[in-house]
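The values are calculated or read from the model by the stated rules, or taken from the named source; none is laboratory data. Given the structure is predicted, the values throughout are model-derived calculations rather than measurements. Glycine also receives a Cβ, built like all others from the backbone with ideal geometry; neighbour counts cover every protein chain displayed. These accessible areas exclude ligands, DNA and RNA; they are computed on the full protein's heavy atoms, side chains included. Shrake-Rupley method; radii C 1.70, N 1.55, O 1.52, S 1.80 Å.
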Amino acid sequence: MAFDLPRNVILPVDVVDVRLDPAPHPFERDNADAIAANWAAEKTARPALFDGTVVLLSELAYADNRLVGRCHAIRFSTFMLWRKLKPVTSAEHAFAHAMLISSDNALVAIRMGAHTANAGKVYFAAGSFEPEDFRDGQVDLDYNMRREVREETGLDLGQAQREQRCHALSVESGTVIVRCFRAAETADQLAERIRAFVATDPDPEIEGPVVIRGMHDLPEGLMPHMRSLVEWHFSRR
């Protein structure tokens, strides 16, 4: 199967069947010395980085509105080397985005904190899949989205209207799986709630909220994949 899916196009997704394989990922297994050396350099540059556990794909395919794949638990230090070397034929990354849409149809994103691996970058509150995001070996997208949004912004996605269908966008940097959530509050109200949460968080991951009101309003630091998602949102009926 390897990585068999269309690139640079937004795809409708009704089923996500991505499973966690307990075997080591070949990339981590075969690059132990390089991973350790790169991690030492990364920690020197950003001492706050933590070598936790995330997952990395070894297979992903798309057909009939289904995403089917296999992933493996790896150390964050492995992910950092993979990110530096990509594209790597044996490994790709997938992650989920909760696209938060305000009552006035703006998008509410976040800017990552200066101490993080994506310092200053703007995207929807999100994080890599972790082993706790899997149920009976299969990824639970909504759990990952709720967890990441709550940890970074303090918002509860359970209070927003959830779209049933997901969409996926596969680019060189990885595959993002998107679900839209429509909030009852305006963008300014949501942004104020996020700012209040960040102000009281003893160790915030993000610098603060970023409101995007159209293609004329793209912020500095916007991650490359986000441009396509923003354009897609504002072109929908």
>> So in region 157-187, with the set limited to residues that are at pLDDT below 95 and of a type outside the set (Asp, Glu), which one is surrounded by the most Cβ atoms within 10 Å (Cβ to Cβ)?
In response: Gly174
> Which members of region 13-32 meet the condition of being touching a residue at least 60 places away in the same chain (Cβ under 8 Å), part of a strand (DSSP E or B) and either open to solvent by 40 Å² or more (accessible area, probe 1.4 Å) or acidic (Asp, Glu) (or both)?
Replying inline: Asp17, Arg19, Leu20
> Given Ala109, Ala96, Ala61, Ala48, which one is out of contact with any helix residue (DSSP H, G or I) (no Cβ under 8 Å at 6 or more places or on another chain) and within 24 Å of Cys180 (Cα to Cα)?
Replying inline: Ala61
>> Quick check on region 101-133: of everything there that is among the hydrophobic types (A, V, I, L, M, F, W, C) and open to solvent by 20 Å² or more (accessible area, probe 1.4 Å), which residue is modelled with the lowest pLDDT?
In response: Ala117
> Going through region 207-227 one residue at a time, which ones are surrounded by 15 or more Cβ atoms within 10 Å (Cβ to Cβ) and either in contact with a Phe, Trp or Tyr (Cβ under 7 Å, 6 or more places away or on another chain) or polar (S, T, N, Q) (or both)?
Replying inline: Met223, Met226
> Only one residue in Thr175, Thr186 is β-branched (Val, Ile, Thr) and over 17 Å from the mean Cα position of the chain (by Cα). Which one?
Replying inline: Thr186
> When only residues in region 86-100 that are out of contact with any Gly (no Cβ under 7 Å at 6 or more places or on another chain) and at pLDDT 95 or above count, which is nearest to Trp39 (Cα to Cα)?
Replying inline: Ala91
>> Given the criteria crowded, with 22+ Cβ neighbours inside 10 Å, under 24 Å from Asp33 (Cα atoms) and of a type in the set (Val, Ile, Thr), does Thr78 qualify?
In response: yes
> Would you pick out the residues in region 192-206 that are closer than 17 Å to Leu107 by Cα, open to solvent by less than 40 Å² (accessible area, probe 1.4 Å) and not in a strand (DSSP E or B)?
Replying inline: Ile194
